[in-house]
Amino acid sequence: MVAAVHLVRTSRRFGATLALDAIELEIAEGEFFGLLGPSGSGKTTCLRLIAGFDHPTSGHVEIFGQRCEDLPPYRRPVSTVFQDYALFPHMTVLDNVAYGLMVRGIGKAERYTAAREALALVKLAGFDARRPSELSGGQRQRVALARSLVTRPKVLLLDEPLGALDLKLREEMQVELKALQKRLGITFVFVTHDQGEALSMSDRIAVFDHGRVMQVGSPEAIYERPEVPFVADFVGGSNLIDGAGLGHAGVEPGRYSLRPEKIVLGRPAGDGAGDGAADGAIRAEGRIKAILYQGGQHRVTVALPAIELTVLVPAAEARGLTVGETLPVSWRPEDMHRMTGAA
Amino acid sequence: MVPGATAASALAGAREPGFWTRLSDLLYRRGGLVLALLLGPPLLWIGVIYLGSLFALLLQSFFSIDEFSGMVKYQLTLKTYGELLNQANLDIILRTVVMAALVTLVGGCIAFPIAYFAARYARGRVKAGFYIAVMLPLWSSYLVRVYAWKLILAKEGALTWGIDRVGLTPLLDALLSLPVIGGPSLSFSYMGTFLVFLYLWLPFMILPTQAALERVPASMIEAAGDLGARPGQAFRTVILPLALPGVVAGSIFTFSLTLGDYITPQIVGTSRLFIGQAVYIHQGTAGNIPLAAAFSVVPILVMAVYLTIARKLGAFDAL
């Protein structure tokens, strides 16, 4: 099957900086695809190349097998939901949504019917006559979404779609976007710097750093089996451990990632395992260096003889922990994921 | 002593607040007082000097002049406005309004691409260069610029010479032989007057247009293209409507400045009068203050009509 979007050794250079470094990326039809990375990692540049606002310095972009060098944005079967929504302030909500049909020369009655349908789809029926300035951030986002969907794009590009919304609204929209994508079956490509958002919404994620794709995979693969330290650290945060430096007989040399929530600090109440080494756990003594309150959990920094670990402790178990205290620390060797990727 | 007070006095260095501190505190607490102090004088100025003189002007136009004694009769009448509507005076008004409209229209067409380039593409040094290029003419005297143009446009001037050198003299002669806009030379024709006006007021058209275009987010233009609008469509449906308040602001400058000018048409152009010259002659040598006043009411009315139409057309919707 031909890919919905295929970036073929695509590079984009801005002066001295290489924003994208020979990216090779295939996005399948009907996929909800996340481009994840810190700011300046090239993910937005990538989106702009697909939309056609920008052009590769080398390599090329294919959309459903069609090479796009000579295809201006207005002739690509893609549509973008902009980070700032880019709603037209001099038009009503209805005219905004109908815009894509208007410029295609579709009659007033027909395009307004389609626009009203699209507005109903994003649960904004009845907002026809409002101006964008009279809407809240969440409503503006829905209008932008409806405006893009009304043109029936084959690929919908979303640039930090939820970035400007508050947490509660963001969680709601995550669910809604996901449901919408399932229903419409359109390929969604979205850019985010929020790893939680990427993990919860995407079918597959590409993690970007310094203009390069560090890893592509399902959310589970990205989180559970990071191939490089950057991915381990950027997605969810991780303890990066040098196997040789650990001095544990069962651990081979190499680079490992250990998730903070997999480490057990002290001895949880009612732990029947005893102190026997039969369970194979790696044990050490650590001194608490810092405790950060985070609501449902505490982020505890523990200094071991050779390394420093970050541990996430559920609030219920964190009571009584004090800075300076020395405690047993343990984790299971199989929770240490060995990273095999280059650099 | 309450703990808060101790902290406060410790903060202030345990010193009694001085005059300026107490004054600042007072003004900080009473925002209205600051507003009154800041706005009072200018409001007084606008109220008395601006609106007062405008009102006096309006009043003058409702008086008339005694044809025998040449004295102003202080009786309210519409006789002066009747005079304004005789053929000679109507010609003056029409001539001025058409000239102002053409200068505005052509000025807008020339200014827009320049403003668009400056707002969307020029960065750093190029942008600084743009500002200097646009503003530079304004640093020299208006009179100097008009006289410079008279020399450029004169029969023996640089332009005629240049046109002769590239062999386009027949074209210039053909232009000058046209009825109404032609004349013995560019500096003695409406074309000359038009060119000088266009040059003089162009910065006032470019700058507001550029400022308006600057405020149109790049993403909005991209969004138009993204939704399928060809560049021409994006221009008509998004860029132009969003820049229109700036264009209208610029056109108010060019239009009203042309309507009121009395020096340029006197130096470059035919001997036929424009409104400004008519006002100048009637209040000076002719001593017909009421007719001069009535003449000056015309640009105000024309501007009022223009702005009403602009508003009806939605020019200010994007504000």
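Rule-based calculations on the coordinates, nothing more; no lab input. These numbers were taken from a predicted model, which means no experiment stands behind them. Quick reminder, even Gly has a Cβ in these numbers, built from the backbone with ideal geometry, and neighbours come from all protein chains shown.
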### Net +/- balance of residues flanking A:Leu36 in space, Cβ distance below 9 Å, scoring K and R +1, D and E -1
-1
### Modelled FRET efficiency - R0 60 Å, B:Leu175 with B:Leu35, Cβ distances, 0.05 increments
0.55
### Message
Give me the inter-chain shielding for B:238-245: mean count of other chain Cβ atoms within 10 Å, whole number please.
### Response
2
### Query
Who wins for biggest fluctuation among B:Ile163, B:Ile114, B:Ile263 in a Gaussian network model of chain B, springs between alpha carbons below 10 Å?
B:Ile163
### Task
Multiply the residue separation of B:Arg22 and B:Met303 by 0.36 nm, subtract the distance between their alpha-carbon atoms, and state the gained length in nm to one decimal.
96.3 nm
## Note on the structure
If R0 = 51 Å, then A:His60 and A:Ala316, at their Cβ-Cβ distance, give a FRET efficiency to the nearest 0.05 of 0.40
### Query
Across peptide A:102-111, what mean number of C-beta atoms from other chains lies inside 10 Å of a residue's C-beta?
2
### Task
Can you tell me the FRET efficiency between B:Ala218 and A:Val8 if r is taken as the Cβ-Cβ distance and R0 is 25 Å, rounded to the nearest 0.05?
0.40
### Query
On average, how many beta carbons from a partner chain sit within 10 Å of the beta carbon of a residue in A:71-82?
4
#### Entry: Beta bridges per DSSP with both ends in the protein assembly as shown, % antiparallel, nearest 5
75
### Task
Find the all-direction average of the projected area of the Cα convex hull for the protein assembly as shown, expressing the result in square nanometres with one decimal place.
49.6
### Task
Just add up the charged neighbours of A:Ser58: K/R +1, D/E -1, any other residue whose Cβ is under 13 Å from the Cβ of A:Ser58.
0
### Message
Can you give me the angle between helix B:289-312 and the longest principal axis of chain B, using Cα atoms only, in degrees from 0 to 90, rounded to the nearest 10?
### Response
70
### Message
Let me check I've understood the local charge: for A:Ala19, count other residues with C-beta under 13 angstrom from its C-beta, Lys and Arg +1, Asp and Glu -1. What total comes out?
### Response
+2
### Query
Measuring from centroid to centroid over Cα atoms, what is the spacing of the range B:274-305 and the range B:98-147 in Å?
29
### Query
Among A:230-241, B:246-257, A:123-134, how do they line up from the highest to the lowest mean number of other beta-carbon atoms within 10 Å?
B:246-257, A:230-241, A:123-134
### Task
Would you mind calculating the relative contact order of the range A:5-234 from Cα pairs under 8 angstrom and at least 6 residues apart, reporting the percent as a whole number?
28
### Query
Calculated from DSSP H runs of 4 or more alone, at -39500 (n - 2.57) each and per residue, what is the 222 nm mean residue ellipticity of the protein assembly as shown, nearest 500?
-14500 deg cm²/dmol
### Message
If I model a spin label as a point 7 Å beyond the Cα along the Cα-Cβ vector, how far apart are those points for B:Thr285 and A:Asp128 in nm?
### Response
6.6
